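Everything below concerns the one structure shown next.
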């Protein structure tokens, strides 16, 4: 089951378009906002990001509320594949509801709702392990869609143009976004097609304080409902491939009842009918 959960984590993280709002601070006095200075360098970075967004689909891309995908996912350990992959059906509802159905029978279901994660099988419902939930939230918080929809418009986010770069053997432009809390994501943009090629971010393990680097590579782009969509997504951890996802179908803005994300609901994935 650990392999299934690892693959599940892969699928949900790439499907996320946003996150739940953070809980309000305990103090009633908010710290002063740090407005990022605008420079020629930051304007160059913003122009490249806005050009990329327009290429992805502009408003059609930014206004996605749900995404439904189908395909096959593969997990890796230390860069080596584990098993022959597994079929999945993935559903995401903005801002923080995710559901993934695994196996041909779709009888292993993982649900994330807010900051809670559950696994549902014929044995019943079980809470996700804490480390898996933390890993999922980390990926969700750094999802490309979230970075472009929330980080970029935030006036406290600092933008840096890093200059020309090469990613996945493609000529790119490199841009980094820094939040007011010093979180950062670097995006490599195809110099010719203006689509994202790769995204990276770093985080420190709270146990050993060692730095980790997460990477995400996008390929096999197809136009779906006015949105350019990568049908192949490869993830890496500290330079080693950790997962691959190959899509066979994508739908945007389909109806998704909240019952789909309620572990206490008896739900038929084929008819999308639910009974409490």
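Contact annotation: residue pairs with Cβ atoms under 9 Å, 6 or more positions apart or on different chains, pairing a residue in region 37-51 that is under 12 Å from residue 177 (Cα atoms) with a partner that is exposed (fewer than 13 other Cβ atoms within 10 Å of the Cβ), are 46/38.
Is there a residue in region 159-170 that is under 15 Å from the mean Cα position of the chain (by Cα) and either over 19 Å from residue 96 (Cβ atoms) or buried (at least 16 other Cβ atoms within 10 Å of the Cβ) (or both)? Within region 159-170, none of the residues are under 15 Å from the mean Cα position of the chain (by Cα) and either over 19 Å from residue 96 (Cβ atoms) or buried (at least 16 other Cβ atoms within 10 Å of the Cβ) (or both). Any chance region 105-114 includes a residue that's within 27 Å of residue 190 (Cβ to Cβ) and at pLDDT 90 or above? No, there is no match, as no residue in region 105-114 is within 27 Å of residue 190 (Cβ to Cβ) and at pLDDT 90 or above.
Does region 235-242 contain at least one residue that is in contact with a helix residue (DSSP H, G or I) (Cβ under 8 Å, 6 or more places away or on another chain), under 23 Å from residue 57 (Cα atoms), touching a residue at least 12 places away in the same chain (Cβ under 8 Å) and in a strand (DSSP E or B)? Checked against the condition, which is being in contact with a helix residue (DSSP H, G or I) (Cβ under 8 Å, 6 or more places away or on another chain), under 23 Å from residue 57 (Cα atoms), touching a residue at least 12 places away in the same chain (Cβ under 8 Å) and in a strand (DSSP E or B), region 235-242 yields no hits at all.
Regarding residue 137, is this residue outside any loop (DSSP other than H, G, I, E, B), in contact (Cβ under 8 Å) with a residue 12 or more places away in the chain and crowded, with 19+ Cβ neighbours inside 10 Å? Considered against the rule, which asks whether it is outside any loop (DSSP other than H, G, I, E, B), in contact (Cβ under 8 Å) with a residue 12 or more places away in the chain and crowded, with 19+ Cβ neighbours inside 10 Å, residue 137 comes out as yes. The number of residues in region 107-132 that are assigned to a loop (DSSP other than H, G, I, E, B) and either touching a helix residue (DSSP H, G or I) at 6+ places or on another chain (Cβ under 7 Å) or closer than 15 Å to residue 263 by Cβ (or both) comes to 6.
Based on what the data block shows, is residue 144 buried (at least 17 other Cβ atoms within 10 Å of the Cβ), over 17 Å from residue 95 (Cα atoms) and touching a strand residue (DSSP E or B) at 6+ places or on another chain (Cβ under 6 Å)? No, not satisfied.
Every condition in (1) touching a helix residue (DSSP H, G or I) at 6+ places or on another chain (Cβ under 8 Å); (2) surrounded by 14 or more Cβ atoms within 10 Å (Cβ to Cβ); (3) closer than 23 Å to residue 96 by Cα holds for residue 195 except the one numbered (3).
Looking only at residues in region 45-67 that are in contact with a helix residue (DSSP H, G or I) (Cβ under 9 Å, 6 or more places away or on another chain) and outside any helix (DSSP H, G or I), the one that is surrounded by the most Cβ atoms within 10 Å (Cβ to Cβ) is 67. Of all the residues in region 65-110, those that are over 13 Å from residue 244 (Cα atoms) and more than 15 Å from the chain's Cα centre (by Cα) number 13. Can you say whether residue 165 is part of a strand (DSSP E or B) and farther than 30 Å from residue 34 by Cβ, as far as the supplied structure shows? In short, no.
Just one of the listed residues (42, 90, 98) is closer than 18 Å to residue 150 by Cβ, in contact with a strand residue (DSSP E or B) (Cβ under 7 Å, 6 or more places away or on another chain), modelled with pLDDT of 90 or more and part of a strand (DSSP E or B), namely 98.
The values are calculated or read from the model by the stated rules, or taken from the named source; none is laboratory data. A quick note: this is a predicted structure, and the numbers were derived from the prediction, not measured. Reconstructed Cβ throughout: ideal geometry from the backbone, glycine too, with neighbour counts over all protein chains shown.
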